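Here the structure is laid out as C-alpha cells; the discussion comes afterwards.
The values are calculated or read from the model by the stated rules, or taken from the named source; none is laboratory data. The structure displayed is predicted, hence computed values, not measured ones. Cβ placement follows ideal geometry from the backbone for every residue including glycine, while neighbour counts extend to all protein chains displayed.
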Amino acid sequence: MPIADVDVGAAQTREETAAFIEAFAQITVACVKTDLLAPIPPPRPTPAAPALDWTNQTLLTESGLTAVQVAAAAVAESRYLHIDLACAPAGRTAKGRFLDFTGLSPKQQKTLFPALCAAKPPSDRATVSREVVRLNAWLDWIRADGFDPVAFIRYRQNLETHGRTQNVSGSIGATGAVIAFVDAIRELNAAAIIDNAGDIPPAGVKSPLEVFEWREGNPNATTKALLLHNGRALVFASSKDANIFQPLGEPFTSAKDALKRFNKVKNDQAARSQTLHEFAVGEIKTATDLANLHERMGLASRETQTELRTDRFLMMAILNREILEGGVQRRRMNNRDLTRFSHTFNLHHCWGWDGGRERHPEHWRHFVDSVKTWCGL
C-alpha cells in the first residue's frame with residue numbers, strides 16, 4: 001500500500017481520537033443506563049403443568065431432594081425442578097426458567113444438561129433424573145451464601161446490552177460512511193443519485209448522536225443501496241461494507257433492483273464476475289478500542305477473495321500517527337496483512353460531523369477524487 005495514500009492528512013490528533021471515542025461512548029453508555037434502569041422481567045409464565053407431589057419420597061429421590069428441603073411445597077416449586085415437571089411436555093418453560101437461574105451460558109447449559117435443554121423430553125426417565133439431580137444441587141450451591149439466582153436475569157440482560165451497544169456502534173458508524181459517500185457524490189454532481197433503497201440521512205443528521213436519534217424508531221433508517229444517473233450502484237451491506245458496481249447486462253431499474261441482483265451473487269465470485277463489474281469494495285471499521293485496532297484491520301484483510309479490477313479501501317474510525325507510521329512496535333498500516341487495500345481513509349475526517357473535512361481538506365479531497373473515479377463521475 002503506498003504510504004502516500006494512507007498519509008494524505010489521514011492522521012488524527014490525540015484530541016480528535018478522544019472526540020470520536022467520546023461521541024460513541026455517550027451513545028453506548030446511554031443505552032446501558034436505559035437497560036439498567038429497566039425492571040427485571042418477571043419469571044416466564046409456566047403453562048398448565050401436572051400437579052406435583054412433593055411428599056412422594058421416590059419422586060424426591062429422582063429429583064435429588066429430601067423431605068426437609070421441600071417442607072413447604074410452595075417454596076419448593078420456586079426453588080427446585082421436580083422430576084415430573086422435567087419429564088412433562090408442558091414443563092419446557094419451567095425448565096428454561098430454572099436453567100436461567102444457573103448462571104450458565106446457553107452453550108454450558110446444553111453441555112451439562114442436554115436432556116433438559118432438548119425441545120422434546122427424552123423417553124429415558126433415568127437420564128432426565130440424573131440431570132435434575134445435578135441441576136437442583138447446582139441451585140443449592142448457588143443459593144448457599146444467600147444469593148438470589150434471579151440476579152442472573154439481570155446479568156443476562158447486561159450481556160445482551162453489551163452486544164446491543166456493539167451493534168448500535170456498528171450501525172451508526174456505517175451510517176457515517178453513507179453520509180461521507182452521499183456528500184462526496186453530491187459535491188461532484190448534485191443530481192447524480194436518482195434512487196435509493198432505504199432512507200438517506202437528512203441534511204440535519206450528521207453527528208453520531210443525531211444519527212442514533214434518527215435511527216431510533218425509524219424502521220427504514222438504513223441506507224441499503226443508491227442508484228446513480230450513469231447506471232452505477234452503491235450497496236452498503238454487512239459484507240462487504242461498501243460496494244460500487246455496474247451491471248454487465250441489463251441496466252438496473254432501481255436501487256432495489258441493484259440490491260436484489262447484488263445479494264443474489266454476493267457470495268459467489270464467479271457468478272458476480274458474470275453479472276457485475278465492481279469498481280470498489282470497502283471495509284468500514286468503527287472500532288473505538290485502540291488495543292484491538294490492528295487485529296481488526298488484519299481480520300478485515302484476511303479474506304481470500306480477489307475482485308476483478310477492483311480497488312479496495314479501508315475506512316477506519318481511529319487512525320492516529322502511531323498507527324500510520326508504526327509507533328513503538330513498528331506495526332505500520334502498510335504491513336503484510338493490509339496489502340490488499342489500495343486506499344485507506346479516516347472515517348472520522350470523511351464523515352466530518354465536527355469539522356473534520358475542514359481541518360483535513362486534503363484528505364477529504366483525496367476521498368472525493370477516489371469516489372469520482374469509482375463512481376464514474
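Quick notes
- Restricting the stretch 190-201 to residues that are over 24 Å from the mean Cα position of the chain (by Cα) and assigned to a loop (DSSP other than H, G, I, E, B), the residue that is surrounded by the most Cβ atoms within 10 Å (Cβ to Cβ): Ala192
- Positions within the stretch 339-355 being part of a helix (DSSP H, G or I) and farther than 13 Å from Ile318 by Cβ, in sequence order: Cys350
- Test for Ala287: is it at pLDDT below 85, of a type in the set (A, V, I, L, M, F, W, C) and under 30 Å from Val29 (Cβ atoms): yes
- Flag for Phe152 being under 30 Å from His348 (Cα atoms) and of a type in the set (Phe, Trp, Tyr): no
- Residues satisfying the stated conditions in the stretch 245-261, i.e. crowded, with 16+ Cβ neighbours inside 10 Å and not polar (S, T, N, Q): Phe245, Pro247, Phe252, Ala255, Lys256, Asp257, Ala258, Leu259, Arg261
- Taking residues in the stretch 235-247 that are under 12 Å from Thr175 (Cα atoms), and partners anywhere that are among the aromatic types (Phe, Trp, Tyr) and at pLDDT 85 or above, the pairs with Cβ atoms closer than 6 Å and at least 6 places apart or on different chains are Ala242/Phe236.
- The residues of the stretch 154-189 that are hydrophobic (A, V, I, L, M, F, W, C), in contact (Cβ under 8 Å) with a residue 60 or more places away in the chain and surrounded by 17 or more Cβ atoms within 10 Å (Cβ to Cβ), listed by number, are Val168, Ile172, Ala174, Ala177, Ile179, Ala180, Phe181, Ala184, Ile185.
- Counting only helices (runs of 4 or more DSSP H) that sit completely within the stretch 52-93, those holding 3 or more residues that are assigned by TED's automatic domain parsing to the domain that holds Leu139 and in contact (Cβ under 8 Å) with a residue 40 or more places away in the chain correspond to 83-87.
- Answer residue from the stretch 213-262, given it is of a type in the set (D, E, K, R) and not in a loop (DSSP other than H, G, I, E, B) and is farthest from Arg340 (Cα to Cα) among those: Glu213
- Restricting attention to the stretch 326-350 and to residues that are farther than 21 Å from Thr288 by Cβ and among the hydroxyl-bearing types (Ser, Thr, Tyr), the residue that is modelled with the highest pLDDT turns out to be Ser342.
- Criterion: over 21 Å from Leu227 (Cα atoms), modelled with pLDDT under 85 and surrounded by 21 or more Cβ atoms within 10 Å (Cβ to Cβ) - qualifying residue of Ile323, Ile318: Ile323
- Subset of the stretch 97-112 [hydrophobic (A, V, I, L, M, F, W, C) and over 15 Å from Asp148 (Cα atoms)]: Leu112
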